[in-house]
Amino acid sequence: MTETSETEIMSASGCPVSHTDYTVQRPLFETYELLAAERERGPFLWNDSRPRPFWMITDYEHVLEALQMPDVFSNEVISALTPEHTFDLLPQYLDPPEHTAMRRVLNRWFAPAAVRRLEPLVLRRCDELIDELRPKGGCDLVSDFAIRFPTDLFLATLNLPISDGAVFLEHVENVFKSFAGRGLKQAAISTEWIRGYFDQAIAEREREPQDTETDFISRLLVSAPGGEPMQREDIITICYTAMLAGLDTTRSALGYIFHHLALDPELRHRLTARPELWPKAVEEFLRLYPLVYMDGRLVTRDIDFHGMPMRKGNIVWLGLGSANHDPEKFSDPRAFDLEREQLSHHLSFGAGPHRCLGMHLARHELVIAVTEWHKRIPDYELATTDQLYERGAQLSINRLPLRWETQDWETESQ
Amino acid sequence: MSAKLSVDESRCTGHGRCYTVAPKLLSDDDEGFVTLRGSSMEITDDQLDDAEEAVAACPERAITLTLDN
């Protein structure tokens, strides 16, 4: 069957066809407008904007249902936009039961109990970064804070030296730039560097084993998720994946959150005055600003999914972002509402067996970042009137210039 | 009246919302799952509010509260 005839069949069967290309950079928030428009056309669409067209599932109920059906919707594909495996990722590309076994090894490292143990370090690093920025009276939040903070914590989580952060970051950026399918050559070179970095870290631990309770790689070296010791290449891939998954998303979330707070002083003051509300606020920000707004999946067998004739080998877009803004699930979905019912039902971390491994760490980092920031810099504003942009494929604000009055803190009595 | 709170093991994937909203009632294990995963517990009258909160917080719809009169 050719792509054209597939699209013709979909169109003839009454399934709306979308031509929207989600890989391109757009003015800030335009992606959410497009996603809302798609959802209003129907719960299922057929998108032919990419070389391999795909089904789009847009409403909350069906997205959640599909996320919970890993036997039908396989993780052999995790992006509807780039279904080919540009980078090897683990455990994303596994399905149960292999996936379940590997997650059992990894969960422990990213569970709330593990995150709590990391708290003193998270606090210290966060405070150091803010104290460095505060006397400057302004910064690009994205590059000066939002990416440095999670990079350092990522290294700390893996018990690797934080001092490697800066050089590491340069290569990480090259990989992120390729998310929308561009700059692949540079990304491949940087991927090789990053994998080499982890390979060296493994070699060091093979020579001098470390405590498997506190050292991530040492633990992986002695673990046997499927009854077999983990392959060296797989350990490298897991480290690489954790890095890809944890750094860009945290940066991006901070970008959208600070953009919102810069433009809403009333909310900012309310939260600064009542810091115990930050965890709830972060949860609502996560719902309001989904960054990974789509999970891709591969259909494993012919199935009629609520009237849609899905074929084995089809690609499916599970619309996490449009689900988060589905008015059937969340009333007045584009508004920030701390009192919202079922606030924790958002799909920004996905759902089902592949729900984000790092979700507890992410929440913790975000809450600490906004809490500590507003203790020190409670008032700030956007330092530009330029149009801001967001990267396609996986949303991220390109830059966020902020400024604040420095005498506010210089005259404080604390 | 008696009430029972159950967590479906196949649906629970460890979002941790239940023990976050009802920390007096539920707790987390080393992997981040609620310790009640795959089992159930009797709920007393003064635990009922917390149990309802936990049910409502779960994005996977893995938690059920059954009331017997």
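Quick note: the coordinates plus some simple rules give every number you see, no bench work behind them. No experiment lies behind these values; they were computed from the predicted model shown. Positions of Cβ are backbone-derived with ideal geometry, glycine not excepted, and every protein chain shown enters the neighbour counts.
Key figures
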{"read-out": "DSSP-defined beta bridges in the protein assembly as shown - what % are antiparallel, rounded to 5", "value": "85 percent"}
{"read-out": "Chain A, relative contact order [Cα under 8 Å, separation at least 6], %", "value": "27 percent"}
{"read-out": "In range of the label at residue B:53: residues from segment A:331-360 whose backbone nitrogen is under 17 Å from the point 7 Å along Cα→Cβ", "value": "A:338-345"}
{"read-out": "Extension gain, residue A:224 back to residue A:274 (0.36 nm per residue minus Cα-Cα distance, nm)", "value": "13.4 nm"}
{"read-out": "Additional length obtainable on full extension of the chain from residue A:167 to residue A:203, 0.36 nm per residue less Cα span", "value": "11.0 nm"}
{"read-out": "Modelled FRET efficiency - R0 25 Å, residue A:184 with residue A:76, Cβ distances, 0.05 increments", "value": "0.75"}
{"read-out": "Separation between Cα centres of segment A:41-76 and segment A:127-173, rounded to whole Å", "value": "36 Å"}
{"read-out": "Separation in nanometres of the label points that stand 7 Å from Cα toward Cβ, at residue A:232 and residue A:328", "value": "5.2 nm"}
{"read-out": "Residue-averaged beta-carbon neighbours from other chains (10 angstrom radius) around B:12-18", "value": "6"}
{"read-out": "Hypothetical label at residue A:386: residues of segment A:119-155 whose amide nitrogen lies under 19 Å (7 Å Cα-Cβ projection)", "value": "A:137-147"}
{"read-out": "Cα-based shape type of segment A:1-157, given that a ≥ b ≥ c are square roots of the gyration tensor eigenvalues and the cut on a/c is 1.5", "value": "oblate"}
{"read-out": "Sum of -39500 (n - 2.57) over DSSP H runs of 4+, divided by residues of chain B (222 nm, nearest 500)", "value": "-5500 deg cm²/dmol"}
{"read-out": "nm² value of the averaged projected area, convex hull over the Cα atoms of segment B:2-68", "value": "3.9 nm²"}
{"read-out": "Average beta carbon contacts from partner chains per residue of A:62-73, 10 Å cutoff", "value": "1"}
{"read-out": "Distance-filtered residues of segment A:122-145 - backbone nitrogen under 19 Å, label point 7 angstrom along residue A:193 Cα→Cβ", "value": "A:143-144"}
{"read-out": "Whole-Å distance, taken between Cα centres, linking segment A:77-110 and segment A:18-37", "value": "26 Å"}
{"read-out": "Charge dipole (chain A, unit charges on Cβ, about Cα centre) - positive-most of A:69, A:309, A:223", "value": "A:223"}
{"read-out": "Karplus (6.51, -1.76, 1.60) ³J(HN,Hα), θ = phi - 60°, over segment A:93-103, in Hz, Gly and Pro reported as x", "value": "7, 9, 10, x, x, 4, 4, 4, 5, 6, 5"}
{"read-out": "Computed [θ] at 222 nm, helices only, for chain A once each DSSP H run of length n ≥ 4 contributes -39500 (n - 2.57)", "value": "-15000 deg cm²/dmol"}
{"read-out": "Residue-span extension gain [residue A:52 to residue A:26] - 0.36 nm each, minus C-alpha spacing", "value": "7.1 nm"}
{"read-out": "Tilt relative to chain B, helix B:48-57 - C-alpha long axis, 0 to 90 degrees, to 10", "value": "40 degrees"}
{"read-out": "Mean projected area (nm²) of the alpha-carbon convex hull when segment A:3-410 is viewed from all directions", "value": "20.0 nm²"}
{"read-out": "Part-to-part distance (alpha-carbon centres) for segment A:304-379 and segment A:201-239, which is given in Å", "value": "32 Å"}
{"read-out": "Net charge of Cβ neighbours under 12 Å - reference residue A:306; Lys, Arg +1; Asp, Glu -1", "value": "-4"}
